[in-house]
Amino acid sequence: MRHRIQSWLKALIPLAFLTAGLFSTFHPTLMSGFSKLQTDPGDSRSLNYRLEHIYRWVTNDPDHASLWDPPIFYPARNVLSYSDTLLTLAPIYWAWRSFGYSPEVSFSLWMISLCTLNYLLAMMLLYRGIGADWLGAAFGAYLIAFANSRIAQLGHQALLSHAFVLLAIYGLVTIFGPVTIEERPASEPSRMKKRAWIIGFFLVFAAQFYAGFYTGYFLFLVTLFASVWAVCLKRFRRSFLELLHAEWRVVACGLLLAIILLAPLAYHYLLTARDLGFFSGGKRGLAHLSSFIWMGGENLLYGWTANLNIFNIRLFDIPMQNEQKWGLGLVTTLVMVWLFWQYRGRLWVHLMLLVTVTTIIAFTYFPGKIYLWKVWYYTLPGIRGIRVMARIFMLLAIPAGIALAVFITCYRKHEWKFALAIVVALICCLEQVRSPHFYDRDLYQRRVQTVVQHLNDDCEAFFLSELYPKKPQWVSQLDSVWASLVSGVPSITGYSGKFPHNDAIRDPAIFEPS
């Protein structure tokens, strides 16, 4: 009987954590019956359009006959590469569309599915990869999937999925393992399993770039830092070089496969970079020291800190505040510090600490105008495609989740310490809860229908502009995108990460009646 109860708890408690995370994140959408969509009518509608374009291309819609040429910014070509392609995340959206849901509802269900996938893969990493117990894995997976820093960027849905990143980390743990929490021997994976995961690592590496350039590039940077430390430090060098020596053919095949898979994406992105240039976020896109304690005004426990003068004085001033909410909470941060100190002798914890510290030093703007951005800008290939480099600190949720899982597992055999650990873990989860933004679906559908009604049957393409607009220009630009989708008529205006070199397309608003 006791064993049966424990089995039910192992199933129900992780499910309860997932349900709580999804409800706290998406309750405006769920409670409104999907009439309130998240998070804002900007990037949300833009990325929704991209997914819908890919779906219509897959289903042979003649108005979307070319994958790389969605009918916006007409007659420009290669428009899909103006931003993230979402190609490897699109099949989840196709599934919801195939069930008959509208594009907007399918997009919301797609977001919920991505968060669910993040949670399940985090559970796998923590339980099977790190060796946490099931309760610790549930707490840690909640933190990884629903961290304040991740949900604060919910409006940038291309950053939402870390599925391939988590798979890549799990693959590395399997390849270089065994990784254990307790001082006990662990089974060494078979040679065939290692080889499969070496190939798998390169496959998920390529897949992450197709899911989103930012997260793909961040995975590249973290892998680069880890590799450099593995070569430089004697403790890591032996096992790292032994693997390369023993499996160099498999590594070479995996690398070649990744290059072949990424070549088409790189080609299209390079075309866009040649024609439209790179982003110019520069040092404004770097994190500041205060970014790591900044939780944003929407955070349940720490929202009141947004009114503190500390974030307004020059030393702690944060540029691009909406992009800098990287705080995980005081207690969560202390738990992560606890892991790095308590398990400092473990090889894998030591490497994780070095990669974390290296990343913070490399991409933070320190007081006294000290930063290393220009060094990386002129040496690392592809980094010029990153406008907000601080977004890499979304990855801090992963070591934080690992720390929380280990924290619970470490004290599970000590009754009073375990009870205290549960309280601490609940506080860590509570620190991540935010009040989400949302918008009215019907309002923007009516705007789109108004545009469609003005299009004649023989219209070859249309240009949308507003006289004295009361909303930001991107609102009408996205109205044109969706009007094109509804009507099947290409739009000369549009909205994306990049714009054609045309002032009228970038700024279509009219401020003079003449």
Dividing the surface of the Cα convex hull of the stretch 1-130 by four yields a projected area in nm² of 10.9 nm²
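Using packing as a proxy for protection, rank 363-371, 76-84 so that the peptide with the highest average count of other Cβ atoms within 10 Å comes first.
76-84, 363-371
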So what is the diffusion coefficient of the stretch 142-286 in µm² per second by Stokes-Einstein at 20 °C and 1.002 mPa s, using a Kirkwood Rh over Cα pairs?
123 µm²/s
When DSSP assigns beta bridges and you keep just the ones with both residues in the chain, what percent turn out antiparallel, to the nearest 5?
45 percent
DSSP-loop GluC sites (Glu not before Pro) across the stretch 356-465, with at most 15 other Cβ within 10 angstrom
E460
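Given a 1.4 Å probe, how much area per residue of the stretch 297-396 is accessible, in Å²? Write down the numbers at each step before the final one.
Numbers: 5090 Å² over 100 residues.
Heavy-atom accessible area per residue stands at 51 Å².
Within a Cβ distance under 13 Å of S81, other residues only, what is the Lys/Arg minus Asp/Glu net charge?
That sum, taken over residues with Cβ under 13 Å, equals +1.
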To the nearest 20 debye, the chain has a Cα-centred charge dipole, built from +1 on Lys and Arg Cβ and -1 on Asp and Glu Cβ, of 2180 debye
Given a 1.4 Å probe and every protein chain left where it sits, what share in percent of the accessible area of the chain is carbon and sulfur?
64 percent
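Once you sort the root eigenvalues of the Cα gyration tensor of the stretch 212-261 as a ≥ b ≥ c, which label holds: rounded (a/c under 1.5), prolate (a/b larger than b/c) or oblate (the other case)?
oblate
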Once both axes come from the Cα atoms, what is the angle between helix 330-342 and the longest principal axis of the chain, in degrees from 0 to 90, rounded to 10?
40 degrees
For the stretch 51-140, what is the accessible area per residue in Å² when the probe is 1.4 Å?
35 Å²
Note down the Stokes-Einstein diffusion coefficient of the chain in µm²/s, whole number, using a Kirkwood radius over alpha carbon pairs, 25 °C, and 0.890 mPa s.
100 µm²/s
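Residue separation times 0.36 nm, minus the C-alpha to C-alpha distance between H414 and S32: what's the value?
Extending this stretch completely gives an extra 133.1 nm.
What percentage of all Cα-Cα pairs in the stretch 423-463 are separated by more than 15 Å?
Of the Cα pairs, 66 percent sit more than 15 Å apart.
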Hey, can you rank 211-222, 26-37, 133-144 by average C-beta count inside 10 Å, highest first?
133-144, 211-222, 26-37
Quick check on packing: order 476-482, 282-288 by the mean number of other C-beta atoms within 10 Å, highest mean leading.
476-482, 282-288
Placed amide H near H288: partners under 5 Å, 5+ positions off or other chain
Y365
Can you list residues whose amide H is under 5 Å from V489's amide H, if they're 5+ apart or on another chain and H is modeled 1.01 Å from N?
none
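For a distance above 16 Å, tell me the whole-number percent of Cα pairs in the stretch 386-470 that qualify.
Summing the P(r) of the stretch 386-470 above 16 Å gives 75 percent of all pairs.
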Using helices alone, what [θ] at 222 nm do you get for the chain, with -39,500 (n - 2.57) per DSSP H run of 4 or more residues, divided over all residues and rounded to the nearest 500?
-18500 deg cm²/dmol
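The values are calculated or read from the model by the stated rules, or taken from the named source; none is laboratory data. Note that the coordinates shown come from a computational prediction; the quantities given were computed from them, not determined experimentally. Glycine gets a Cβ as well: all are built from the backbone with ideal geometry, and neighbour counts include every protein chain shown. Ligands, DNA and RNA are stripped out before the accessible areas are found, and what is left, the full protein with its side chains, is counted by its heavy atoms. Shrake-Rupley method; radii C 1.70, N 1.55, O 1.52, S 1.80 Å.
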